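The values are calculated or read from the model by the stated rules, or taken from the named source; none is laboratory data. Only a predicted model underlies this, so the values are computations on that prediction, with no experimental measurement involved. Glycine gets a Cβ as well: all are built from the backbone with ideal geometry, and neighbour counts include every protein chain shown. Side chains are part of the model used for accessible areas, which takes the heavy atoms of the whole protein and leaves out ligands, DNA and RNA. Shrake-Rupley method; radii C 1.70, N 1.55, O 1.52, S 1.80 Å.
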Amino acid sequence: MTAPIAPRIPFPDCHLPAGFSWGVATSAFQIEGAHRTDGRGDSIWDTFCTQPGVIADGSDGSVACDHYHRWQEDLDLIALLGVDTYRFSIAWPRVQPDGQGAWNEAGLQFYDRLIDGLIARGIRPFVTLNHWDLPAALQAQGGWANRSTVMHFVDYAKTMAARFGDRVPAIVTHNEPWVMAVLGHETGIFAPGIQDRKVACQVAHHLLLSHGLAVRALRAQGCQASLGIVLNLSPMHPASPLAADQARAQLEDGRLLRWYMDPLYRGSYPDDVLAVLGDDAPAVHAGDLEAICAPIDFLGVNYYTRGVAQASGPWDVHAGGLPLTDMGWEIYPQGLTELLVRLHHDYPVSAMLITENGGAFPDRITDGVVQDLDRTRYLADHIAAVGAAIAQGAPVTGYMVWSLLDNFEWASGYAKRFGIVHVDYTTQQRTLKASAHWYRQFLQHLRQRSAAADLRARG
Ligand code: GCO
């Protein structure tokens with residue numbers, strides 16, 4: 001660990017509900033590496049990375065942060081930060097190499113060690129079952145476009161809950177179904193690299209269906225963990241007041257937010273989106289929508305930026321003037337307040353957590369120090385935006401930074417760094433960035449503030 005760096009970014013002054021949880025997040029494929037170790041099967045991301053040109057720096061996840069071997073050091077880092085929650089994902093092909101049939105005991109034992117190691121350090125494990133790494137063997141049978149994958153996922157979820165459910169307080173079924181459906185099957189820039197809108201719509205439906213059926217099955221087997229799903233959401237603004245831009249913003253809001261929130265919380269797909277999809281709309285069997293809206297305990301919200309839509313073309317145009325992250329995404333913290341307040345007003349969401357928020361910036365490590373003030377400011381402003389949403393009544397119960405470590409940023413490879421901990425990919429050395437020191441000191445400050453308030457209350 002390097003010498004602490006004085007926090008030059010002021011701590012946000014927000015009033016948070018009792019029990020508000022603070023965390024950091026990662027996902028299996030982005031950090032674990034060890035892709036052929038101890039019986040792990042290939043995932044669709046292993047296969048995708050072998051295609052020329054699809055990953056910006058030609059890299060893959062075979063080593064990543066080597067977390068599979070360095071998990072103890074990484075858990076010590078998490079403990080050092082003083083967070084209470086760690087969100088990670090289970091790699092389905094590590095625990096069930098073919099996505100059906102035999103279980104891989106060595107893979108299961110890795111997650112036993114991880115979960116027990118977190119509990120021993122006083123950190124709550126927050127588990128995602130599907131963070132995009134579908135077993136490649138299931139893709140060979142059509143993947144998420146094939147309805148039989150739904151039942152394979154439900155079996156996987158049941159087995160994970162039976163094995164780990166006594167030790168994990170929260171389980172997420174899927175991370176960002178929009179990304180898997182649209183980026184994986186419509187634009188094809190993510191695994192499995194398919195470009196077909198009709199397939200993408202069917203995939204989205206199967207992801208939602210498998211979520212609902214898994215929730216139902218886990219409750220039926222007495223799982224005590226709280227259950228939820230994680231969506232990537234953004235407010236969608238028109239690029240101009242022109243009617244055509246407004247119409248596009250409305251449609252993209254439908255495809256990004258209402259396509260998921262409406263079935264999850266109202267049991268129906270939005271009519272305006274169905275009308276636009278026409279023949280590309282998914283096949284929905286009787287009972288599917290009832291299953292999808294199975295009651296959940298929390299909604300996970302991943303927020304990075306807003307969307308800006310114009311009549312045609314992409315909806316990530318820049319309206320001008322706002323600073324951008326290294327991903328080229330606008331820094332727009334007030335969008336998080338807008339989004340959380342809107343979700344609270346439009347849907348009966350009992351609890352929301354920010355399951356990911358953070359930024360990629362072009363970090364430089366100099367003499368063992370990364371002065372990432374841009375990232376620190378990003379985090380401070382977004383935490384303040386969460387506080388503002390809570391002040392307007394939004395039931396937000398936690399916040400997690402994306403990400404603990406620099407890691408494999410999907411199609412961007414290792415070129416984009418989101419970590420509050422720097423990773424040297426040659427030596428695998430971890431170095432806390434200024435943002436990590438800031439986060440740690442902010443959490444200490446909150447603890448001191450609440451201890452002082454407790455003392456005062458006791459007179
Ligand atoms: C996400 C992803 C992360 C990304 C992050 C930055 O859920 O979108 O969970 O895996 O790395 O969003 O793009």
Test: residue 40 is farther than 18 Å from residue 428 by Cβ and either over 18 Å from the mean Cα position of the chain (by Cα) or of a type in the set (A, V, I, L, M, F, W, C) (or both): yes
Pair list, Cβ under 8 Å, 6 or more apart: the stretch 223-248 residue free of Cβ contacts under 8 Å to residues at least 12 places away in the same chain, other residue away from the ligand (no atom under 16 Å from the Cβ) and open to solvent by 10 Å² or more (accessible area, probe 1.4 Å): 246/238
Selection count, the stretch 16-52, where residues are out of contact with any helix residue (DSSP H, G or I) (no Cβ under 7 Å at 6 or more places or on another chain), surrounded by fewer than 22 Cβ atoms within 10 Å (Cβ to Cβ) and of a type in the set (A, V, I, L, M, F, W, C): 2
Filter result for residue 177 (at pLDDT 95 or above and within 16 Å of the ligand (Cβ to nearest atom)): yes
Condition broken by residue 16, with the remaining ones in (1) touching a strand residue (DSSP E or B) at 6+ places or on another chain (Cβ under 9 Å); (2) part of a loop (DSSP other than H, G, I, E, B); (3) under 25 Å from residue 429 (Cβ atoms) satisfied: (3)
Long-range neighbours under 6 Å by Cβ, at least six apart or interchain, first residue open to solvent by 80 Å² or more (accessible area, probe 1.4 Å) within the stretch 434-459, second outside any helix (DSSP H, G or I): none
Verdict on residue 351 being in contact (Cβ under 8 Å) with a residue 12 or more places away in the chain, open to solvent by less than 20 Å² (accessible area, probe 1.4 Å) and under 25 Å from residue 84 (Cα atoms): yes
Sole residue being over 24 Å from residue 226 (Cβ atoms) and over 19 Å from the mean Cα position of the chain (by Cα), chosen from 134, 118, 77: 77
Scope the stretch 348-366; condition under 23 Å from residue 19 (Cα atoms) and more than 13 Å from the ligand (Cβ to nearest atom); matching residues: 348, 349, 350, 351, 352, 353
Whichever residue in the stretch 111-141 is of a type in the set (Gly, Ala, Ser) and open to solvent by 30 Å² or more (accessible area, probe 1.4 Å) and, among such residues, is nearest to residue 36 (Cα to Cα): 137
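Per-residue answers, yes or no, for (1) modelled with pLDDT of 95 or more; (2) away from the ligand (no atom under 16 Å from the Cβ); (3) part of a loop (DSSP other than H, G, I, E, B):
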| site | (1), (2), (3) |
| --- | --- |
| 382 | yes, no, no |
| 387 | yes, yes, no |
| 390 | yes, yes, no |
| 407 | yes, no, yes |
| 438 | yes, yes, no |
| 446 | yes, yes, no |
| 456 | no, yes, no |
| 459 | no, yes, yes |
Test: residue in the stretch 365-380 that is touching a Pro at 6+ places or on another chain (Cβ under 7 Å) and either in contact (Cβ under 8 Å) with a residue 40 or more places away in the chain or not in a loop (DSSP other than H, G, I, E, B) (or both): yes
Any hit, the stretch 280-297, residues being of a type in the set (Asp, Glu), in contact (Cβ under 8 Å) with a residue 60 or more places away in the chain and crowded, with 18+ Cβ neighbours inside 10 Å: yes
